[in-house]
Amino acid sequence: MEKIIEVRGLNKSYGSFKAVASLDLDVYRGDVFGFLGPNGAGKSTTIRMLVSLIKPTEGTIKIFGQNLADHRSSVLRRIGCIVEKPDFYNYLSAKKNLELLANLSGLKLKSNKISELLEFVGLRSRGDDLVKTYSHGMKQRLGLAQALIHDPELIILDEPTTGLDPQGIIDIRNLILFLSKEQKKTIFLSSHILSELELIANRLAIINKGLTVAQGELKTILHDNDRIVTIKIDRIEEAITVINNSVWKTQFKERTDEGLSFQLHLDQIPLLNIFLIERGFAVFAIESRRQLEDFFLKLTESTEKMQIH
């Protein structure tokens, strides 16, 4: 399988602060590669290095099999990207913005090509309107159109759904899926929302504080063998005694504020429920999430506490 992005030992330091530390990544042709991490994890710094906006302190980046440091121009011609919030000339129309950006890239786009791009992102009817009249979601769509001007092979998107309403998130998600499935583009997509990436990515890397904490195929990382199941139940102390004298003892993790926590396979959840009900316990609620989600939530919580303090 052809590697489109190959990153080895990537580091970026600002004085004594390490924004990215010893990062390795492998992105293959046709991937929708999810790049996941809490805010401040190093995602945007990594993306800025991938598109050569900043230089790594250490490490190598190969894109399309070429070293980015040695072949910057030829590599970047094959990449489209949105880095953080896309910016445009507010007092020009969307069409004029795309025409100007194409000219700056050395391209001469015909008006019908610009109209096609605007139609693809759902903005054709607003193409003649000034960008200053656009909502945040419309600017995000226009940013995607701008990233597609030169028909790139690789599209890098940095938090493209940030600040969008639910419908805007769905629209961007559908556009990404179309680019992947119908136009066979390779997508590198950063986000801090696990559930969103789960809907569109086939491979995933998770970073925190600049370090990789997990990487691989989504179906492997998000399998159902390791689920954290919290059961809200009455007579908690009595239930713990019953559990500790049963086959469920090895899967019992801890007592929570309102019940018991287990590590279970998905198909074991109804069996445990039946076990407890048959022994006279009232089960008020069952909450299930993957072990990775539990881990990621803890990462996010710890990052938020650091920011607060």
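Below is a table of values for the structure above.
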quantity: Residue among 199, 204, 177 that is more than 25 Å from residue 96 (Cβ to Cβ), at pLDDT below 90, touching a strand residue (DSSP E or B) at 6+ places or on another chain (Cβ under 9 Å) and of a type in the set (A, V, I, L, M, F, W, C); calculated: 204
quantity: Qualifying positions in region 57-67 - of a type outside the set (S, T, N, Q) and within 10 Å of residue 9 (Cα to Cα); calculated: 58, 59, 61
quantity: Long-range neighbours under 8 Å by Cβ, at least six apart or interchain, first residue free of Cβ contacts under 8 Å to residues at least 24 places away in the same chain within region 108-136, second assigned to a loop (DSSP other than H, G, I, E, B) and crowded, with 19+ Cβ neighbours inside 10 Å; calculated: 114/127; 115/127
quantity: Some residue of region 54-76 being in the same structural domain as residue 190 (by TED's automatic domain parsing), closer than 22 Å to residue 2 by Cα, of a type in the set (Ser, Thr, Tyr) and not in a helix (DSSP H, G or I); calculated: yes
quantity: Top-ranked residue in region 1-56 [being in contact with a Gly (Cβ under 6 Å, 6 or more places away or on another chain) and of a type in the set (Gly, Ala, Ser); ranked as surrounded by the most Cβ atoms within 10 Å (Cβ to Cβ)]; calculated: 42
quantity: Any hit, region 157-171, residues being surrounded by 13 or more Cβ atoms within 10 Å (Cβ to Cβ), within 24 Å of residue 135 (Cβ to Cβ), in contact with an Asp or Glu (Cβ under 8 Å, 6 or more places away or on another chain) and of a type in the set (S, T, N, Q); calculated: yes
quantity: Cβ-Cβ under 6 Å pairs, at least 6 apart or on other chains, region 240-255 side surrounded by 10 or more Cβ atoms within 10 Å (Cβ to Cβ), far side among the polar types (S, T, N, Q); calculated: 251/263; 253/261; 253/263
quantity: Given (1) in contact with a helix residue (DSSP H, G or I) (Cβ under 7 Å, 6 or more places away or on another chain); (2) not assigned by TED's automatic domain parsing to the domain that holds residue 191, number of the condition residue 241 does not satisfy; calculated: (1)
quantity: Selection from region 44-93 of residues that are in contact with an Asp or Glu (Cβ under 7 Å, 6 or more places away or on another chain) and under 24 Å from residue 164 (Cα atoms); calculated: 44, 47, 82, 83, 84, 93
quantity: Neighbours by Cβ (under 8 Å, 6+ apart or cross-chain): first from region 53-78, among the aliphatic types (A, V, I, L, M); second surrounded by fewer than 17 Cβ atoms within 10 Å (Cβ to Cβ) and part of a helix (DSSP H, G or I); calculated: none
quantity: Check on residue 252, touching a Ser or Thr at 6+ places or on another chain (Cβ under 9 Å), within 14 Å of residue 287 (Cα to Cα) and aromatic (Phe, Trp, Tyr); calculated: no
quantity: Single unsatisfied condition, residue 137 versus (1) within 22 Å of residue 166 (Cβ to Cβ); (2) outside any helix (DSSP H, G or I); calculated: (2)
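The values are calculated or read from the model by the stated rules, or taken from the named source; none is laboratory data. Predicted model, so just to flag it, every value in this text is computed and none were measured. Here Cβ is always computed from backbone atoms with ideal geometry, including for glycine, and neighbour counts include all displayed protein chains.
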